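Remarks on the structure that follows.
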Amino acid sequence: MTIPQESRGSPHTSDTNTLHNTRARIVGTRTGVLADSVVFVVRVFGTVRGAAGRWFGHAAAVVTPLGWGLLLAAPVVLVLGYTLGWVEFVAVGWATIALAVVAVIYLIGRPRIQIELTLPHHRVVAGQPAALQVVARNPRGQRSLPTSVEVPVAQGLVELAIPGLRGDAEYSHEVPLPTSRRGVIPLGPVRTVRADPVGMVRRELVWSDEETLIVHPVTIAAPSTSTGLIHDLEGVTTRDLSSNDLAFHALREYQPGDERRYIHWKSTAKTGTYMVRQFEQTRRSHLAVALSLAPSDFANDDEFELAVSVAGSLGVRAIRDGRSLSVVVSTITPAFAKRPSYGVRALATHRAERLLDDLAVVDLAEGAIGLRDVAHAVADQVGQVSLAFLISGSMTTPAQLRSAAAAFPADVAVIAVVCDPEALPGLRRVAGIDILSVGLLDDLKHALARTAATR
(Lines give C-alpha, C1' and ligand atoms only; values in the text may rest on other atoms or scores of the structure.)
Protein backbone atom coordinates (compact mmCIF):
# COMPACT_ATOMS: atom_id res chain seq x y z
CA MET A 1 0.00 0.00 0.00
CA THR A 2 1.44 3.35 -1.03
CA ILE A 3 1.30 6.20 1.49
CA PRO A 4 0.27 9.51 -0.12
CA GLN A 5 3.14 11.95 -0.47
CA GLU A 6 1.48 14.76 1.54
CA SER A 7 1.00 12.45 4.50
CA ARG A 8 4.68 11.46 4.89
CA GLY A 9 6.96 12.98 7.49
CA SER A 10 7.02 13.39 11.23
CA PRO A 11 3.87 14.70 12.86
CA HIS A 12 6.04 17.19 14.77
CA THR A 13 7.36 18.90 11.63
CA SER A 14 6.19 22.55 11.47
CA ASP A 15 6.12 25.10 8.69
CA THR A 16 6.33 28.88 8.85
CA ASN A 17 2.93 29.05 7.19
CA THR A 18 1.38 27.50 10.27
CA LEU A 19 2.72 30.16 12.70
CA HIS A 20 0.02 32.35 14.19
CA ASN A 21 2.01 34.40 16.72
CA THR A 22 2.35 38.19 16.91
CA ARG A 23 5.34 38.34 14.54
CA ALA A 24 3.42 36.41 11.88
CA ARG A 25 0.51 38.81 12.16
CA ILE A 26 2.82 41.82 11.73
CA VAL A 27 5.29 40.80 9.01
CA GLY A 28 3.93 37.46 7.83
CA THR A 29 6.65 35.26 6.35
CA ARG A 30 8.93 38.19 5.51
CA THR A 31 12.50 38.11 6.80
CA GLY A 32 15.43 40.46 6.72
CA VAL A 33 16.41 43.76 8.29
CA LEU A 34 13.16 45.53 7.42
CA ALA A 35 11.02 42.87 9.06
CA ASP A 36 13.22 42.87 12.16
CA SER A 37 13.04 46.67 12.29
CA VAL A 38 9.25 46.63 12.12
CA VAL A 39 9.08 44.05 14.92
CA PHE A 40 11.49 46.12 17.04
CA VAL A 41 9.43 49.29 16.58
CA VAL A 42 6.25 47.46 17.52
CA ARG A 43 7.91 46.06 20.64
CA VAL A 44 9.15 49.48 21.71
CA PHE A 45 5.73 50.99 21.05
CA GLY A 46 4.06 48.29 23.16
CA THR A 47 6.49 48.83 26.02
CA VAL A 48 6.02 52.59 25.93
CA ARG A 49 2.25 52.24 25.74
CA GLY A 50 2.24 49.89 28.73
CA ALA A 51 4.45 52.22 30.77
CA ALA A 52 2.30 55.20 29.82
CA GLY A 53 -0.84 53.30 30.80
CA ARG A 54 0.62 52.45 34.18
CA TRP A 55 1.79 56.00 34.71
CA PHE A 56 -1.59 57.40 33.74
CA GLY A 57 -3.25 54.94 36.11
CA HIS A 58 -1.08 56.11 38.98
CA ALA A 59 -1.65 59.73 38.04
CA ALA A 60 -5.41 59.28 37.80
CA ALA A 61 -5.38 57.78 41.30
CA VAL A 62 -3.78 60.86 42.86
CA VAL A 63 -4.70 63.84 40.66
CA THR A 64 -7.99 65.46 41.63
CA PRO A 65 -10.50 66.93 39.14
CA LEU A 66 -9.21 70.38 40.10
CA GLY A 67 -5.67 69.21 39.36
CA TRP A 68 -6.64 67.89 35.92
CA GLY A 69 -8.39 71.13 35.13
CA LEU A 70 -5.38 73.25 36.07
CA LEU A 71 -2.94 70.98 34.23
CA LEU A 72 -5.00 71.19 31.04
CA ALA A 73 -5.52 74.93 31.40
CA ALA A 74 -1.84 75.80 32.00
CA PRO A 75 -0.53 75.23 28.44
CA VAL A 76 -3.58 76.92 26.95
CA VAL A 77 -3.08 79.99 29.13
CA LEU A 78 0.66 80.11 28.32
CA VAL A 79 0.05 79.91 24.57
CA LEU A 80 -2.54 82.68 24.73
CA GLY A 81 -0.30 84.80 26.94
CA TYR A 82 2.74 84.55 24.68
CA THR A 83 0.70 84.86 21.48
CA LEU A 84 -1.35 87.87 22.56
CA GLY A 85 1.37 89.39 24.72
CA TRP A 86 -0.69 89.26 27.87
CA VAL A 87 1.68 89.17 30.82
CA GLU A 88 -1.12 88.23 33.22
CA PHE A 89 -1.84 85.00 31.30
CA VAL A 90 1.85 84.14 31.23
CA ALA A 91 2.11 84.66 34.99
CA VAL A 92 -0.98 82.51 35.64
CA GLY A 93 0.37 79.74 33.41
CA TRP A 94 3.74 79.55 35.08
CA ALA A 95 2.15 79.84 38.54
CA THR A 96 -0.01 76.84 37.73
CA ILE A 97 3.05 74.85 36.67
CA ALA A 98 4.81 75.87 39.90
CA LEU A 99 1.80 74.69 41.92
CA ALA A 100 1.91 71.37 40.10
CA VAL A 101 5.59 70.93 40.95
CA VAL A 102 4.90 71.73 44.62
CA ALA A 103 1.99 69.28 44.60
CA VAL A 104 4.27 66.52 43.34
CA ILE A 105 6.69 67.24 46.17
CA TYR A 106 3.87 66.65 48.66
CA LEU A 107 3.43 63.12 47.29
CA ILE A 108 7.07 62.15 47.81
CA GLY A 109 7.65 59.72 50.64
CA ARG A 110 5.53 57.39 52.68
CA PRO A 111 4.35 57.64 56.30
CA ARG A 112 6.76 55.95 58.67
CA ILE A 113 4.04 54.98 61.13
CA GLN A 114 1.72 51.97 61.41
CA ILE A 115 -1.98 52.61 61.99
CA GLU A 116 -4.58 50.21 63.36
CA LEU A 117 -8.31 50.48 63.93
CA THR A 118 -9.60 48.75 67.07
CA LEU A 119 -13.26 48.19 67.90
CA PRO A 120 -13.56 46.88 71.50
CA HIS A 121 -17.18 45.73 71.09
CA HIS A 122 -18.90 44.77 67.84
CA ARG A 123 -22.38 44.78 69.40
CA VAL A 124 -23.91 47.42 71.67
CA VAL A 125 -27.42 48.39 72.77
CA ALA A 126 -29.01 51.56 71.42
CA GLY A 127 -28.10 54.47 73.67
CA GLN A 128 -25.05 52.72 75.09
CA PRO A 129 -21.80 54.68 74.50
CA ALA A 130 -19.34 53.14 72.09
CA ALA A 131 -16.09 54.24 70.51
CA LEU A 132 -13.43 52.97 68.17
CA GLN A 133 -9.74 53.49 68.72
CA VAL A 134 -7.24 54.64 66.13
CA VAL A 135 -3.75 53.63 67.26
CA ALA A 136 -0.63 54.91 65.50
CA ARG A 137 2.85 53.51 66.21
CA ASN A 138 6.28 54.57 65.02
CA PRO A 139 8.39 51.38 64.79
CA ARG A 140 11.44 53.23 63.51
CA GLY A 141 14.11 55.13 65.33
CA GLN A 142 13.57 58.41 63.48
CA ARG A 143 10.81 60.83 64.34
CA SER A 144 7.80 60.68 62.03
CA LEU A 145 6.11 63.68 60.45
CA PRO A 146 2.54 64.76 61.33
CA THR A 147 -0.03 62.77 59.37
CA SER A 148 -3.66 63.36 58.43
CA VAL A 149 -5.99 60.38 58.90
CA GLU A 150 -9.55 59.83 57.71
CA VAL A 151 -11.97 57.32 59.25
CA PRO A 152 -15.33 56.75 57.52
CA VAL A 153 -18.10 56.35 60.12
CA ALA A 154 -21.50 55.39 58.69
CA GLN A 155 -22.22 58.06 56.05
CA GLY A 156 -19.83 60.58 57.58
CA LEU A 157 -16.09 61.09 57.70
CA VAL A 158 -13.94 61.74 60.76
CA GLU A 159 -10.64 63.54 60.18
CA LEU A 160 -7.80 63.13 62.66
CA ALA A 161 -4.40 64.78 62.89
CA ILE A 162 -1.71 62.45 64.21
CA PRO A 163 1.26 64.41 65.55
CA GLY A 164 4.87 63.54 64.89
CA LEU A 165 5.97 60.52 66.92
CA ARG A 166 9.36 59.69 68.36
CA GLY A 167 10.89 56.30 67.73
CA ASP A 168 8.83 53.45 69.26
CA ALA A 169 6.21 55.96 70.44
CA GLU A 170 2.46 55.37 70.26
CA TYR A 171 -0.53 57.66 69.82
CA SER A 172 -4.16 56.65 70.47
CA HIS A 173 -7.36 58.52 69.73
CA GLU A 174 -10.94 57.49 70.51
CA VAL A 175 -13.71 58.28 68.04
CA PRO A 176 -17.23 58.28 69.59
CA LEU A 177 -19.82 56.42 67.56
CA PRO A 178 -23.49 57.31 66.97
CA THR A 179 -25.48 54.67 68.86
CA SER A 180 -28.66 56.60 69.62
CA ARG A 181 -30.63 54.39 67.23
CA ARG A 182 -30.36 50.72 66.40
CA GLY A 183 -28.79 49.71 63.09
CA VAL A 184 -25.57 48.57 61.46
CA ILE A 185 -22.73 51.11 61.31
CA PRO A 186 -19.86 50.49 58.88
CA LEU A 187 -16.53 51.77 60.16
CA GLY A 188 -13.30 52.35 58.32
CA PRO A 189 -11.05 51.51 56.73
CA VAL A 190 -8.51 53.93 58.20
CA ARG A 191 -6.56 55.76 55.54
CA THR A 192 -3.83 58.35 55.58
CA VAL A 193 -4.08 61.30 53.23
CA ARG A 194 -1.29 63.26 51.58
CA ALA A 195 -2.52 66.30 49.67
CA ASP A 196 -1.21 69.69 48.65
CA PRO A 197 -2.76 72.87 50.10
CA VAL A 198 -4.49 73.77 46.83
CA GLY A 199 -6.02 70.34 46.35
CA MET A 200 -4.46 69.37 43.03
CA VAL A 201 -3.29 65.96 44.20
CA ARG A 202 -4.45 63.54 46.88
CA ARG A 203 -2.98 60.15 47.73
CA GLU A 204 -4.70 57.76 50.10
CA LEU A 205 -3.13 54.74 51.80
CA VAL A 206 -5.43 52.19 53.45
CA TRP A 207 -4.15 50.81 56.76
CA SER A 208 -6.94 48.62 58.11
CA ASP A 209 -9.93 46.51 57.17
CA GLU A 210 -13.51 47.68 57.47
CA GLU A 211 -15.27 46.96 60.76
CA THR A 212 -18.98 46.79 61.56
CA LEU A 213 -20.80 47.87 64.71
CA ILE A 214 -24.27 46.41 65.26
CA VAL A 215 -26.53 48.50 67.48
CA HIS A 216 -29.18 46.26 69.05
CA PRO A 217 -32.65 47.48 70.01
CA VAL A 218 -33.30 48.19 73.67
CA THR A 219 -34.75 45.17 75.47
CA ILE A 220 -35.81 44.42 79.02
CA ALA A 221 -35.00 41.51 81.28
CA ALA A 222 -38.50 40.09 81.05
CA PRO A 223 -39.72 37.57 83.62
CA SER A 224 -39.39 33.93 82.67
CA THR A 225 -42.12 32.65 80.40
CA SER A 226 -42.48 29.72 82.81
CA THR A 227 -44.25 32.05 85.24
CA GLY A 228 -46.69 34.89 85.02
CA LEU A 229 -48.90 35.62 82.09
CA ILE A 230 -48.05 32.58 79.95
CA HIS A 231 -46.79 30.03 82.46
CA ASP A 232 -49.75 27.71 81.86
CA LEU A 233 -49.09 27.24 78.14
CA GLU A 234 -46.59 24.40 78.53
CA GLY A 235 -48.41 21.08 78.17
CA VAL A 236 -51.94 22.48 77.95
CA THR A 237 -54.25 19.72 76.80
CA THR A 238 -56.41 20.03 73.72
CA ARG A 239 -59.68 18.44 72.71
CA ASP A 240 -57.89 16.24 70.19
CA LEU A 241 -57.61 12.59 71.21
CA SER A 242 -54.46 10.54 70.73
CA SER A 243 -53.40 6.95 71.30
CA ASN A 244 -49.97 8.02 72.59
CA ASP A 245 -49.51 10.97 74.94
CA LEU A 246 -49.34 11.97 78.61
CA ALA A 247 -52.83 13.12 79.62
CA PHE A 248 -55.07 10.07 80.23
CA HIS A 249 -58.62 10.46 78.94
CA ALA A 250 -60.56 7.16 78.94
CA LEU A 251 -60.56 3.47 78.01
CA ARG A 252 -61.83 2.03 74.75
CA GLU A 253 -61.87 -1.30 73.00
CA TYR A 254 -58.72 -2.48 71.28
CA GLN A 255 -58.54 -1.88 67.54
CA PRO A 256 -56.08 -3.35 65.04
CA GLY A 257 -52.99 -1.21 64.95
CA ASP A 258 -53.08 -0.14 68.61
CA GLU A 259 -49.86 -0.62 70.55
CA ARG A 260 -50.02 -3.48 73.02
CA ARG A 261 -48.17 -1.58 75.71
CA TYR A 262 -51.25 0.61 76.19
CA ILE A 263 -53.56 -2.33 76.94
CA HIS A 264 -55.23 -1.97 80.36
CA TRP A 265 -55.03 -5.51 81.67
CA LYS A 266 -57.29 -5.09 84.70
CA SER A 267 -60.14 -3.78 82.60
CA THR A 268 -59.46 -6.45 80.01
CA ALA A 269 -59.76 -9.16 82.69
CA LYS A 270 -63.07 -7.73 83.96
CA THR A 271 -64.75 -7.24 80.59
CA GLY A 272 -63.22 -10.13 78.71
CA THR A 273 -62.39 -7.70 75.88
CA TYR A 274 -59.07 -6.06 75.21
CA MET A 275 -59.23 -2.46 76.47
CA VAL A 276 -56.62 0.21 75.68
CA ARG A 277 -55.92 3.61 77.17
CA GLN A 278 -56.87 6.72 75.23
CA PHE A 279 -55.17 10.08 75.82
CA GLU A 280 -55.84 13.75 75.29
CA GLN A 281 -53.23 15.18 72.97
CA THR A 282 -50.94 17.63 74.74
CA ARG A 283 -49.15 20.47 73.11
CA ARG A 284 -45.68 21.88 73.65
CA SER A 285 -45.67 25.62 73.97
CA HIS A 286 -44.58 27.22 70.69
CA LEU A 287 -44.40 30.99 70.73
CA ALA A 288 -44.85 33.04 67.59
CA VAL A 289 -43.84 36.71 67.72
CA ALA A 290 -45.05 38.60 64.65
CA LEU A 291 -44.01 42.20 63.94
CA SER A 292 -45.70 44.34 61.32
CA LEU A 293 -43.48 46.51 59.11
CA ALA A 294 -46.35 48.38 57.47
CA PRO A 295 -46.23 52.17 57.99
CA SER A 296 -50.05 52.18 58.13
CA ASP A 297 -49.89 50.33 61.48
CA PHE A 298 -47.78 52.97 63.24
CA ALA A 299 -48.35 56.65 63.94
CA ASN A 300 -44.64 57.53 64.11
CA ASP A 301 -41.15 56.11 64.35
CA ASP A 302 -41.21 56.07 68.15
CA GLU A 303 -44.06 53.57 68.12
CA PHE A 304 -42.18 51.35 65.72
CA GLU A 305 -38.99 51.46 67.79
CA LEU A 306 -41.01 50.43 70.83
CA ALA A 307 -42.55 47.59 68.83
CA VAL A 308 -39.10 46.33 67.80
CA SER A 309 -37.99 46.42 71.45
CA VAL A 310 -41.09 44.48 72.48
CA ALA A 311 -40.42 41.81 69.84
CA GLY A 312 -36.80 41.57 70.93
CA SER A 313 -37.67 41.30 74.62
CA LEU A 314 -40.22 38.52 74.03
CA GLY A 315 -37.90 36.64 71.69
CA VAL A 316 -34.82 36.85 73.91
CA ARG A 317 -36.76 35.69 76.97
CA ALA A 318 -38.18 32.71 75.08
CA ILE A 319 -34.74 31.75 73.73
CA ARG A 320 -33.20 31.88 77.20
CA ASP A 321 -36.05 29.75 78.56
CA GLY A 322 -35.44 27.14 75.86
CA ARG A 323 -38.87 27.64 74.33
CA SER A 324 -39.82 26.68 70.83
CA LEU A 325 -39.96 30.05 69.10
CA SER A 326 -40.63 31.75 65.78
CA VAL A 327 -40.04 35.48 65.26
CA VAL A 328 -41.30 36.81 61.94
CA VAL A 329 -41.75 40.16 60.21
CA SER A 330 -43.74 41.29 57.21
CA THR A 331 -42.54 40.50 53.75
CA ILE A 332 -41.95 43.46 51.47
CA THR A 333 -43.35 43.57 47.95
CA PRO A 334 -40.81 44.93 45.43
CA ALA A 335 -41.70 48.27 43.86
CA PHE A 336 -42.29 46.86 40.36
CA ALA A 337 -43.83 43.51 41.31
CA LYS A 338 -46.92 42.42 39.38
CA ARG A 339 -48.74 41.22 42.50
CA PRO A 340 -48.32 41.76 46.26
CA SER A 341 -46.34 39.29 48.34
CA TYR A 342 -48.31 37.84 51.24
CA GLY A 343 -45.97 36.10 53.64
CA VAL A 344 -43.60 36.54 56.54
CA ARG A 345 -39.83 36.48 56.86
CA ALA A 346 -38.40 34.44 59.71
CA LEU A 347 -35.61 35.89 61.83
CA ALA A 348 -32.83 33.90 63.48
CA THR A 349 -33.90 32.40 66.82
CA HIS A 350 -31.10 29.92 67.62
CA ARG A 351 -29.22 32.55 69.66
CA ALA A 352 -30.38 35.72 71.34
CA GLU A 353 -27.66 37.89 69.81
CA ARG A 354 -28.47 36.67 66.30
CA LEU A 355 -32.12 37.56 66.78
CA LEU A 356 -31.13 41.04 67.94
CA ASP A 357 -28.76 41.31 64.96
CA ASP A 358 -31.72 40.74 62.63
CA LEU A 359 -33.96 43.13 64.56
CA ALA A 360 -31.28 45.82 64.33
CA VAL A 361 -31.89 46.20 60.60
CA VAL A 362 -35.68 45.82 60.26
CA ASP A 363 -37.48 48.98 59.28
CA LEU A 364 -40.81 50.24 58.04
CA ALA A 365 -41.36 49.75 54.31
CA GLU A 366 -44.10 50.94 52.00
CA GLY A 367 -44.48 47.52 50.38
CA ALA A 368 -44.81 45.61 53.67
CA ILE A 369 -48.04 43.79 54.47
CA GLY A 370 -50.07 44.88 57.50
CA LEU A 371 -50.77 43.08 60.76
CA ARG A 372 -53.88 41.30 59.50
CA ASP A 373 -52.05 39.71 56.59
CA VAL A 374 -49.08 38.94 58.83
CA ALA A 375 -51.35 36.98 61.18
CA HIS A 376 -52.84 34.95 58.32
CA ALA A 377 -49.33 34.19 57.01
CA VAL A 378 -48.18 33.05 60.45
CA ALA A 379 -51.21 30.78 60.82
CA ASP A 380 -50.47 29.23 57.41
CA GLN A 381 -46.67 29.01 57.50
CA VAL A 382 -45.75 28.48 61.17
CA GLY A 383 -46.96 25.16 62.49
CA GLN A 384 -47.93 24.08 66.03
CA VAL A 385 -48.39 27.60 67.37
CA SER A 386 -49.78 27.70 70.91
CA LEU A 387 -49.33 31.41 71.64
CA ALA A 388 -49.06 34.26 69.14
CA PHE A 389 -47.96 37.80 69.94
CA LEU A 390 -49.08 40.20 67.20
CA ILE A 391 -47.16 43.49 67.54
CA SER A 392 -48.28 46.72 65.90
CA GLY A 393 -48.82 50.42 66.58
CA SER A 394 -51.75 52.63 67.50
CA MET A 395 -53.00 52.92 63.92
CA THR A 396 -54.18 49.30 63.83
CA THR A 397 -57.95 49.34 64.35
CA PRO A 398 -59.87 46.95 66.67
CA ALA A 399 -61.51 45.43 63.62
CA GLN A 400 -58.11 44.62 62.13
CA LEU A 401 -57.01 43.10 65.43
CA ARG A 402 -60.11 40.87 65.55
CA SER A 403 -59.54 39.79 61.96
CA ALA A 404 -55.90 39.01 62.75
CA ALA A 405 -56.84 36.90 65.78
CA ALA A 406 -59.49 35.04 63.77
CA ALA A 407 -56.77 33.67 61.49
CA PHE A 408 -55.65 31.24 64.22
CA PRO A 409 -57.46 28.11 65.44
CA ALA A 410 -59.60 28.43 68.55
CA ASP A 411 -57.05 26.64 70.76
CA VAL A 412 -54.29 29.18 69.99
CA ALA A 413 -53.93 32.02 72.48
CA VAL A 414 -53.52 35.34 70.66
CA ILE A 415 -52.31 38.53 72.32
CA ALA A 416 -52.21 41.74 70.31
CA VAL A 417 -49.51 44.09 71.60
CA VAL A 418 -50.38 47.68 70.70
CA CYS A 419 -47.48 50.11 71.14
CA ASP A 420 -49.11 53.44 71.93
CA PRO A 421 -47.44 55.97 74.27
CA GLU A 422 -50.75 57.85 74.57
CA ALA A 423 -52.86 54.89 75.76
CA LEU A 424 -53.19 53.60 79.30
CA PRO A 425 -51.06 50.47 79.73
CA GLY A 426 -52.83 47.25 80.59
CA LEU A 427 -54.28 43.98 79.38
CA ARG A 428 -57.91 43.89 78.34
CA ARG A 429 -60.14 41.56 76.40
CA VAL A 430 -62.10 43.15 73.58
CA ALA A 431 -64.43 41.16 71.34
CA GLY A 432 -62.71 37.86 72.02
CA ILE A 433 -59.10 39.04 71.71
CA ASP A 434 -56.56 39.95 74.40
CA ILE A 435 -55.09 43.41 73.76
CA LEU A 436 -51.96 44.43 75.65
CA SER A 437 -51.32 48.17 75.46
CA VAL A 438 -47.79 49.35 76.22
CA GLY A 439 -46.55 52.91 76.28
CA LEU A 440 -43.16 52.10 77.74
CA LEU A 441 -41.05 48.97 77.58
CA ASP A 442 -41.48 48.49 81.33
CA ASP A 443 -45.22 48.06 80.79
CA LEU A 444 -44.45 44.80 79.02
CA LYS A 445 -42.37 43.66 81.96
CA HIS A 446 -45.21 44.27 84.40
CA ALA A 447 -47.71 42.49 82.15
CA LEU A 448 -45.54 39.38 81.78
CA ALA A 449 -45.13 39.24 85.55
CA ARG A 450 -48.87 38.96 86.13
CA THR A 451 -50.30 35.64 87.17
CA ALA A 452 -51.96 33.44 84.64
CA ALA A 453 -55.16 33.64 86.67
CA THR A 454 -55.77 37.10 85.28
CA ARG A 455 -56.37 35.63 81.83
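Computed from the C-beta positions of W68 and E159 and an R0 of 22 Å, the FRET efficiency is 0.35 to the nearest 0.05. Accessible surface calculations at 1.4 Å, restricted to protein heavy atoms, place segment 135-204 at 54 Å² per residue.
Please work out how much length the chain gains when fully extended from K338 to F40, using 0.36 nm per residue of separation minus the C-alpha to C-alpha distance, in nm with one decimal.
On the way: separation 298, 0.36 × 298 = 107.28 nm, distance 6.26 nm.
Going from the current span to full extension adds 101.0 nm.
Rolling a 1.4 Å probe over the protein heavy atoms of segment 330-407, with every protein chain left in place, gives an accessible area that is 50 percent carbon and sulfur.
Residues whose amide H falls under 5 Å from that of T64, counting only those 5 or more places apart or on a different chain, are V201, R202, with hydrogens built in the peptide plane.
A Förster radius of 56 Å combined with the Cβ-Cβ distance from A406 to A131 puts the calculated FRET efficiency at roughly 0.65.
Between L145 and A61, what FRET efficiency follows from the Cβ-Cβ distance if R0 is 30 Å, with the result rounded to 0.05? Could you put the intermediate results ahead of the total?
Details: r = 22 Å, r/R0 = 0.73.
Efficiency, from the Cβ-Cβ distance: 0.85.
At a 1.4 Å probe radius, which order do D297, D420 fall into by accessible area, largest first? Can you show the working numbers first?
Values: D297 5, D420 30 Å².
Descending order: D420, D297.
Work out the P(r) tail for segment 153-196: percent of alpha carbon pairs separated by more than 17 Å, whole number. Walk me through the intermediate numbers first.
Values: 462 of 946 pairs.
Beyond 17 Å sits 49 percent of the P(r) for segment 153-196.
Between Y82 and A365, what length comes free when the chain is fully extended (0.36 nm per residue of separation minus the Cα-Cα distance, one decimal in nm)? Length gained between Y82 and A365: 95.5 nm. Which shape class applies to segment 30-138: rounded if a/c is under 1.5, otherwise prolate when a/b exceeds b/c and oblate if not, where a ≥ b ≥ c are the square roots of the Cα gyration tensor eigenvalues? It is oblate, given that a/c is not under 1.5 and a/b is not larger than b/c.
Backbone phi angles across segment 395-400, fed through the Karplus curve with coefficients 6.51, -1.76 and 1.60 (θ = phi - 60°), yield HN-Hα couplings of 7, 6, 7, x, 5, 5 Hz in residue order; Gly and Pro are listed as x.
How much length, in nm to one decimal, is gained on full extension between V101 and E422, taken as 0.36 nm per residue of separation minus their Cα-Cα distance?
On the way: separation 321, 0.36 × 321 = 115.56 nm, distance 6.69 nm.
Working it through step by step, the gained length comes to 108.9 nm.
At 1.4 Å probe radius, can you tell me the per residue accessible area of segment 355-455 in Å²? Let's see the in-between values first.
Details: 4450 Å² over 101 residues.
Per residue, segment 355-455 has an accessible area of 44 Å².
Is segment 358-409 rounded, prolate or oblate when judged by the Cα gyration tensor, a ≥ b ≥ c being the square roots of its eigenvalues, rounded requiring a/c under 1.5 and prolate requiring a/b larger than b/c? The partial results should precede the final answer.
Numbers: a/c = 1.92, a/b = 1.22, b/c = 1.57.
Oblate, because a/c is 1.5 or more while a/b does not exceed b/c.
Which of the trypsin sites (Lys or Arg not before Pro) across segment 98-150 are loop residues per DSSP, with 15 or fewer other Cβ within 10 Å?
Values: sites: R112, R123, R137, R140, R143; in loops: R112, R140, R143.
Loop-located and lightly packed - R140, R143.
With an a/c value of 1.5 or above and a/b not larger than b/c for the gyration tensor axes a ≥ b ≥ c computed over the alpha-carbon atoms, segment 395-455 is described as oblate. Taking 19 Å as the straight-line reach from the Cα of K445, the aspartates and glutamates in range (excluding those fewer than 8 positions away in the same chain) are D232, D302, E303, E305, D321, D420, E422, D434.
The values are calculated or read from the model by the stated rules, or taken from the named source; none is laboratory data. All values reported here derive from a predicted model rather than from experimental measurement. Please note: Cβ atoms are built from the backbone with ideal geometry, for glycine as well, and neighbour counts cover all protein chains shown. All accessible areas refer to the heavy atoms of the entire protein, side chains included, with ligands and DNA or RNA removed. Shrake-Rupley method; radii C 1.70, N 1.55, O 1.52, S 1.80 Å.
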